[in-house]
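The values are calculated or read from the model by the stated rules, or taken from the named source; none is laboratory data. Here the structure is a predicted model, which is why all the values come from computation and not from measurement. Every residue, glycine as well, gets a Cβ built from its backbone with ideal geometry; the counts of neighbours run over all protein chains shown. Quick note on the areas: whole protein, heavy atoms, side chains included, nothing else; ligands and nucleic acids left out. Shrake-Rupley method; radii C 1.70, N 1.55, O 1.52, S 1.80 Å.
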There are 2 protein chains.
Amino acid sequence: MSQIPQWVRELKPSGPQGSELLKQERDNSNVNVDQLANFLHTKEGRQRQTRILKVLQSEKVFDKSQNYFAGRTDRFETALARAKRLRQLYVKENWGDQERYTANMLISEPLPYGLHESMFLITIRDQGSPEQHQKFLKPAENYEYIGCYAQTELGHGSNVRGLETTATWNPDDKTFTLHSPYLTSSKWWIGSLGRMANHAAVMAQLIIAGKKYGPHPFIVHIRDMKTHQPLEGVHIGDIGPKFGYNTMDNGFLLFNNVKIPHISMLSRFSSVDPKTNQYVRPSSPSLVYGTLTWDRDAPEWEKGENQVLNYTMVQIRLLPLLAATFAMHFTGKGMMALYDANNRKIRQNKESANQSRGAGPEETESSSDLLSDLHAISCGLKSLASSTAAEGLEVCRRACGGHGYSSFSGIGSYYADYLPTATWEGDNYMLTQQVARYLLKAARTVLKGNEPTNDTTAILAYFLSRQDQGAAFDILGDDSDLVAAFAWRSAYLTFEALKHRDEQKRSWNSLLVDFYQLSKAMSQYMIVKNFYEALQAPSTSSELDPETLGLMHKLFRLYALHTLESEASEFYTSSAVTVRQIQLARSSAVMKLLEDIRPHAVRLVDAWDFPDWQLDSSLGRHDGKVYEDMFYRASELNPLNRITVDPYPDSPTLFRKDESKELKSKL
Amino acid sequence: MSQIPQWVRELKPSGPQGSELLKQERDNSNVNVDQLANFLHTKEGRQRQTRILKVLQSEKVFDKSQNYFAGRTDRFETALARAKRLRQLYVKENWGDQERYTANMLISEPLPYGLHESMFLITIRDQGSPEQHQKFLKPAENYEYIGCYAQTELGHGSNVRGLETTATWNPDDKTFTLHSPYLTSSKWWIGSLGRMANHAAVMAQLIIAGKKYGPHPFIVHIRDMKTHQPLEGVHIGDIGPKFGYNTMDNGFLLFNNVKIPHISMLSRFSSVDPKTNQYVRPSSPSLVYGTLTWDRDAPEWEKGENQVLNYTMVQIRLLPLLAATFAMHFTGKGMMALYDANNRKIRQNKESANQSRGAGPEETESSSDLLSDLHAISCGLKSLASSTAAEGLEVCRRACGGHGYSSFSGIGSYYADYLPTATWEGDNYMLTQQVARYLLKAARTVLKGNEPTNDTTAILAYFLSRQDQGAAFDILGDDSDLVAAFAWRSAYLTFEALKHRDEQKRSWNSLLVDFYQLSKAMSQYMIVKNFYEALQAPSTSSELDPETLGLMHKLFRLYALHTLESEASEFYTSSAVTVRQIQLARSSAVMKLLEDIRPHAVRLVDAWDFPDWQLDSSLGRHDGKVYEDMFYRASELNPLNRITVDPYPDSPTLFRKDESKELKSKL
């Protein structure tokens, strides 16, 4: 780009400078930072950090200034250069564990030797015999063997017993045959495997004479020590870009009947006796697994194949969101109808509306009830709906487990691109003040005894007339009562906020949290009400068959009751419901609705009619070919796999071969 | 990479295939997908989507297969090619608004004409006179003028009245002078400005004869129509990579006394009379602003300069997280101490522990109370602490407003790299079953009348002995009572879960949600207890001065009371607290603590002692030079600014100049 002109260089920020503000902040507090920092980190820890920071900052390779700009391959290349240099510094500066930990925290990005330096070394150390320490640990500690820990498979995350990779004992030549019988057997997510490792600690099902003995660790040579190309019968690669962690080469690994010698099975605790061809049991089974402890405790039902949607913990995260898609669709349609109906009236009223300005901040709204109502409600709904959508995307991504973290899930990029919605066109937190201001104003007119002119003033007036008797909403039996409970809570919070503001004369700023809650309550009421009304509309029952209409009613109840339960304390406090009702809502009503809706989940999603091409997601495919698609993208489309690295720390070369440019020109 | 071998190509996923599972799912539901989809989208809408999808899929430029791999510049280049082709299709296929909307949804990425096609055209259309429509709108509709909407500034997001860019009327030559007096006056975040626009609709403070008339819209020529280089006195560029939205060239823009003609001020509603040099007022002020409606309603206190940390809505999001950093630090230290103390004992007990296996799923825990306790508590804490950290990063990012979305905030990449922690080493949801299993077992031994052997059984036994009398914890007056209320709630939830499991014989799966809540409750109790105990320890009071120690007590109370309020319904239901106490906790105690802690926020963060180099964040700088750093990174480090585009849709060239490779080789 063109040189930055002098007049730009001379510009300063306006107003108080950031440095002045921070000085003010620090002057206004008497906290002894040095003392507190020593208490938190110890003096020695802080001195260590200062020392190591100085070393790292003096090395050009650790310069961070291009980190945020680089693409995947460039980031990996830089990370490889850093990893090599860091290893050289370990040796040169004689850094121990604490120094290495500090250096990694300061660099703040996962480096490609990460799994070699942790799980690979630990596994050999903890599970290897003295002979194996000699054979494997020494070259690994010298970075001649570069290793990884290959446990997780494409089809099996936390369920270690379900691992499919087999290691079959061959009594004739005293070897094991490693094999991947299925695509889902592919090792997956293995850090430092994708481009770096020449050896792997592979967890595989041990088979002797046709009998399975469960998962055991094997040290397997996977890439040629000179050419760094995969050995015969071994298929390896990087699994592709992820939401983060892109400086690490998480990899996949498949074996096609690869023979390995007897010494490859780590034998400190259990082994195969080559003379008798018998399995030698460990003295204590718990010693074998190490990191696998967790799985042994899993209840039986987790061990078999079970679709994640059958877990109630997954249902409670996803099905209310599915209900929310319908709830918000109907609310959007309701708002458009309201907008169209009021449009002419609003224009007529606009002139008179502008005359009531000039009072206090809360009184600056237009006097047109319809315009104000529409404005306030749309502010609140924008805030609630876009927050629900953004958070919902993250919930969906996490519900996909590890694979949700892969870029191929498609959810990470949707989330990242969607996020500005929560900030632009009115920040979602700021907007809630608009709703509160309108509701306070409406409450004042109701208190004065004015007749209700719209739904908002109607629910406020109803609350006022009934608050002494209290409410007795049959939220579990009657849908219109369920809507009424939401109205009641909104009205209660409105008058509470009004009391704080007008009677207790509290400042606007001190009430922002109350206003936020109030806006959320009112918006949730609007959504519940619009959903309810849409289901009452004749057009709905004429377009949908009775079964689907019935399911829509269940989705309505799920959205309403789940929301009510999540905001339980406001519903109690307002006396809209009893503690017993809330307990029943959660423990029976919501759980029953999850069960009823569960079988229809896929078809309800199908009805949204998203083409695969739009979602561009391996996990969201309409045909369910999830593993095939993940594997195809990782293996065939991923440019990082066109690069052969030089993984040894003392060699200055980073890449031995780079075919990625060739790929680029093909596009 | 090497060709994929035949044996890999032949592999299939194991078990039921995804396609079979989805068929099963669809067979198990009678929802009429076609009918429901028509109801949601209308038949016409769906046909339109099918038609447009077919067109887009047949064009090579819209192929998505490399989207997840490409870096920023490549993504922008591809997006530019797509935007041009899409514009050609609009014309060729004669697509109206609905077709264009559908096409954009299907492509699913922001394209570089985005703001030209929306805000730029709308602004001229809505605010321009007929003469201005002729002069500006026509070439804009023909994509000769490529425009953007330049309102937001580096130092001013939602506060439109605070805009600093000035447009000063020159009575002599009947022109306006546009000027950016400060670095913070730089237009910022402006979509389609960074590389694309040759014109901008600029919102600037109108000044006539020294008097300010507020923000008004001006159409300004900013780049040469032939060379596409910035005009004299105009400094423009792309603001750099963001968390998402990287196919869009959000830009910055500074003016150094740039003269523009009288016609540039959009004059449908207000104008400067060139004969009298007087401002001509609009008939209704609300008509002028259009998108600015929101700001006019803001209360007075928002309009001045106010640090965001003074907003209670920001305090309630950030200060409990600040308290959580200390709470978890002390909990971590407490857990390490517990681990060290028990380590020998655990080893001794290990053998006997392994003998009790083989019973039902809940009974498979070790018989060593200490080991089990440590195991269960660390499972729960891993889940809660890593979820708190991940969600906390997002809260911090959003609290920074728009700038938090820039990659330069540093928070987005921390969030993305941190996220796997919530899934690996035990999925955060799955882990909570471990905690529940342990607590159920402990509760059974307590019910049998066994003496408490550790803190967990002690709190369960206490609850059992007192549940009939109920609790009367003085949560607002006594810190140890506050801890006890957390213990009480955990014990209550444990016995509730036990009742469901052992008396009502409910299935394990149906109780996962209860177990999740139970684990969270127990972990929150552990954190509150560890924080409390750390503050009682003599080593703490000897290392910290009384003021700092007092502040730590306030942080303890903030963490505990804010958590209690967030989980209020469980505290009510267990009768640990009254409704009145919760109301007081929120409306007075928590708000007062925020006020007390607020002045020390910066120093408390300083004490964590993060070097700038580690955080690599424009916003987190220790010296507060936030705007200077954002601007420097955007303007000088950003490789996209080394590219000059060819922005016109009918021209086949994408880039006119690409200096980015030169930059790359310099690194």
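Does B:G128 satisfy the criteria of being small (G, A, S) and outside the structural domain of B:M196 (by TED's automatic domain parsing)?
yes
I'd like the full set of residues that are hydroxyl-bearing (S, T, Y), at the interface with chain A (Cβ under 10 Å from one of its Cβ atoms) and more than 26 Å from the chain's Cα centre (by Cα), limited to the range B:621-655.
Selection gives B:T644 alone.
Let me spell it out: the conditions are (1) within 11 Å of chain B (Cβ to nearest Cβ); (2) modelled with pLDDT of 95 or more; (3) within 30 Å of A:R398 (Cα to Cα), and A:H179 meets all of them except one. Which number is the exception?
(3)
Would you confirm whether any residue within the range A:597-609 is more than 25 Å from A:G401 (Cβ to Cβ), more than 7 Å from every other protein chain (Cβ to nearest Cβ) and assigned to a helix (DSSP H, G or I)?
The answer is no; no qualifying residue exists.
All but one of (1) under 35 Å from the mean Cα position of the chain (by Cα); (2) open to solvent by less than 30 Å² (accessible area, probe 1.4 Å); (3) modelled with pLDDT of 95 or more; (4) of a type outside the set (K, R) hold for B:V258, so report the exception by its number.
Answer for B:V258: the failing condition is (1).
Could you say whether any residue in the range B:362-377 is among the hydroxyl-bearing types (S, T, Y), open to solvent by 20 Å² or more (accessible area, probe 1.4 Å) and modelled with pLDDT of 95 or more?
No, the range B:362-377 has no match at all.
Just one of (1) in the same structural domain as A:H562 (by TED's automatic domain parsing); (2) at pLDDT below 65 trips up A:D297, so point out which.
Of (1) in the same structural domain as A:H562 (by TED's automatic domain parsing); (2) at pLDDT below 65, only one is false for A:D297: (1).
Determine if the range B:444-453 includes at least one residue that is at pLDDT 95 or above, surrounded by fewer than 22 Cβ atoms within 10 Å (Cβ to Cβ) and among the charged types (D, E, K, R).
Yes.
At pLDDT below 95 and of a type in the set (D, E), is that true of B:E496?
It is false that B:E496 is at pLDDT below 95 and of a type in the set (D, E).
To keep it simple, each residue is scored yes or no on (1) aliphatic (A, V, I, L, M); (2) over 25 Å from the mean Cα position of the chain (by Cα); (3) under 24 Å from B:R51 (Cα atoms); (4) surrounded by fewer than 17 Cβ atoms within 10 Å (Cβ to Cβ).
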| position | (1), (2), (3), (4) |
| --- | --- |
| B:A83 | yes, yes, yes, no |
| B:L86 | yes, yes, yes, no |
| B:L89 | yes, yes, yes, no |
| B:W95 | no, yes, yes, no |
| B:E99 | no, yes, yes, no |
| B:L106 | yes, no, yes, no |
| B:E117 | no, yes, yes, no |
| B:I124 | yes, yes, no, no |
| B:H133 | no, yes, no, yes |
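Run down B:K92, B:K43, B:K54 and say which single residue is at pLDDT 95 or above and closer than 20 Å to B:P652 by Cα.
B:K92
Being modelled with pLDDT of 95 or more, farther than 29 Å from A:Q433 by Cβ and open to solvent by 10 Å² or more (accessible area, probe 1.4 Å): is that true of B:G237 here? Give the steps one after another, and end with the answer.
On the way: modelled with pLDDT of 95 or more: yes; farther than 29 Å from A:Q433 by Cβ: yes; open to solvent by 10 Å² or more (accessible area, probe 1.4 Å): no.
For B:G237, the condition - modelled with pLDDT of 95 or more, farther than 29 Å from A:Q433 by Cβ and open to solvent by 10 Å² or more (accessible area, probe 1.4 Å) - is not met.
Test B:I52 against the criterion of being farther than 22 Å from B:Y245 by Cβ, of a type in the set (A, V, I, L, M, F, W, C) and in contact (Cβ under 8 Å) with a residue 60 or more places away in the chain, and give yes or no. Quick ask: steps written out before the conclusion?
On the way: farther than 22 Å from B:Y245 by Cβ: yes; of a type in the set (A, V, I, L, M, F, W, C): yes; in contact (Cβ under 8 Å) with a residue 60 or more places away in the chain: no.
Judged against the criteria, B:I52 is not a match.
Rundown of residues vs (1) part of a helix (DSSP H, G or I); (2) among the charged types (D, E, K, R); (3) in contact (Cβ under 8 Å) with a residue 12 or more places away in the chain, yes/no style:
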position	(1), (2), (3)
B:E99	yes, yes, yes
B:A103	yes, no, yes
B:P110	no, no, yes
B:H116	yes, no, yes
B:F120	yes, no, yes
B:R125	yes, yes, yes
B:Q132	yes, no, yes
B:K135	yes, yes, yes
B:P139	yes, no, no
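Please enumerate the residues belonging to the range B:581-591 that are facing chain A (nearest Cβ under 10 Å) and out of contact with any Asp or Glu (no Cβ under 6 Å at 6 or more places or on another chain).
Across the range B:581-591, the qualifying residues are B:I582, B:Q583, B:S587, B:V590, B:M591.
With (1) open to solvent by 40 Å² or more (accessible area, probe 1.4 Å); (2) within 25 Å of A:A323 (Cβ to Cβ); (3) among the aromatic types (F, W, Y) as the list, and B:W7 as the residue in question, which single condition is left unmet?
It fails just one condition, (2).
Here's a check for you: in the range A:398-424, which residue that is out of contact with any Lys or Arg (no Cβ under 7 Å at 6 or more places or on another chain), more than 20 Å from B:K64 (Cα to Cα) and more than 8 Å from chain B (Cβ to nearest Cβ) is least open to solvent (accessible area, probe 1.4 Å)?
Once the filter is applied, the top-ranked residue is A:T421.
Residue-by-condition table, conditions (1) in contact with a helix residue (DSSP H, G or I) (Cβ under 7 Å, 6 or more places away or on another chain); (2) farther than 24 Å from A:D646 by Cα; (3) surrounded by fewer than 22 Cβ atoms within 10 Å (Cβ to Cβ):
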position: A:Y143; (1), (2), (3): yes, no, yes
position: A:I146; (1), (2), (3): yes, no, no
position: A:H156; (1), (2), (3): yes, yes, yes
position: A:T165; (1), (2), (3): yes, yes, no
position: A:T168; (1), (2), (3): no, yes, yes
position: A:P171; (1), (2), (3): no, yes, yes
position: A:F176; (1), (2), (3): yes, yes, no
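May I ask you to say which residue of B:L476, B:L464, B:L498 is assigned by TED's automatic domain parsing to the domain that holds B:A385 and open to solvent by less than 30 Å² (accessible area, probe 1.4 Å)?
B:L498
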